[in-house]
1. Quick one: accessible area per residue over the chain, 1.4 Å probe, rounded to a whole number of Å²?
2. How far, in nm, would the chain grow between Ala56 and Glu5 when pulled straight, counting 0.36 nm per residue and subtracting the alpha carbon separation?
3. Comparing Pro29, Pro74, Pro44, which has the greatest mean-square fluctuation in the GNM of the chain with Cα pairs linked when under 10 Å apart?
4. Taking GluC sites (Glu not before Pro) as exposed when DSSP calls them loop (any state but H, G, I, E, B) and at most 13 other Cβ atoms lie within 10 Å, what is the longest stretch of the chain free of them, the sites themselves excluded?
5. For the chain, set up a GNM with springs between Cα atoms under 10 Å and report which of Gln34, Gln76, Gln17 has the largest fluctuation.
6. Return a whole-number percent for the relative contact order of the chain, with Cα pairs under 8 Å and 6 or more residues apart as the contact set.
7. I need the per residue convex hull volume for the chain, using only the alpha carbons, in cubic angstrom as a whole number.
8. I'd like to know which of Ala51, Tyr81, Leu119 lies farthest towards the positive end of the charge dipole of the chain, counting +1 on Cβ of Lys and Arg and -1 on Cβ of Asp and Glu.
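The values are calculated or read from the model by the stated rules, or taken from the named source; none is laboratory data. Predicted, not measured: the structure shown is a model, and the values here were computed from it. Here the Cβ positions follow ideal geometry from the backbone for every residue, glycine too, while neighbour counts run over all protein chains shown. Accessible surface areas use protein heavy atoms only, side chains included; no ligands, DNA or RNA. Shrake-Rupley method; radii C 1.70, N 1.55, O 1.52, S 1.80 Å.
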Amino acid sequence: MTVNELIKKVFFVEILQGLALTFKHMVTPAVTRQYPKEKREPFPGSRGLHALVKDAETGKEKCVGCGLCAAMCPSQCIHIYTSEDENHKKVVDRYEIEVLRCVYCAYCVEACPFGAVVLTDHFEYSGYTREEFYYTKERLLENWDKYMAGDKGKMYLEKFWRPKAVDFGTQQVTKEEERTRK
Ligand code: SF4
Ligand code: SF4
């Protein structure tokens, strides 16, 4: 045994070091949040409950019923029913998502060429029946008003799905903005 080791043993150096660490943690604030009393703001672009985007001018859904989102969905939880109106224009009669089967991959958002479906940052939802998680077109449009009101929806599409947002006439991105985002 070396002198150093002997000193450590005689004066309980390692035990004291351990106790010092314990005391240090007793007086420093905890990093754990006491959810649900303490909440943080959701990160922008969080993948929460779905919404169908409302067209700002008409107030109707932007969805045209092309079915790409449903084709891409790995959980096959999107159901779309369409018909033709008298002008032979496709009408989205029903657009439904079985939220309990969703894995929040956002492939539907990525696949949509019209930026017509989004995942909002609302994640605190619960219910007692499966039906409560079966979201119809009307409920999905309500979600847009509830969770993506104002500029929030526009910002979401520009920031996270920018190529499509630019294609479909939201704010154009200048070369300078492009550089600062990188
Ligand atoms: S987030 Fe993924 S699993 Fe959920 S509806 Fe969209 S494509 Fe389907
Ligand atoms: S949400 Fe988009 S991808 Fe899905 S059916 Fe509507 S327009 Fe097509």
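1. Numbers: 13050 Å² over 182 residues.
It amounts to 72 Å² per residue over the chain.
2. 10.9 nm
3. Evaluated over the chain, the most mobile residue of the options is Pro29.
4. Longest site-free region, per DSSP loop and neighbour criteria: 125-182.
5. Gln17
6. Over the chain, the number comes to 22 percent.
7. On the way: hull volume 44.0 nm³, N = 182.
So the per-residue Cα hull volume is 242 Å³.
8. Sorting the options by dipole projection puts first Leu119.
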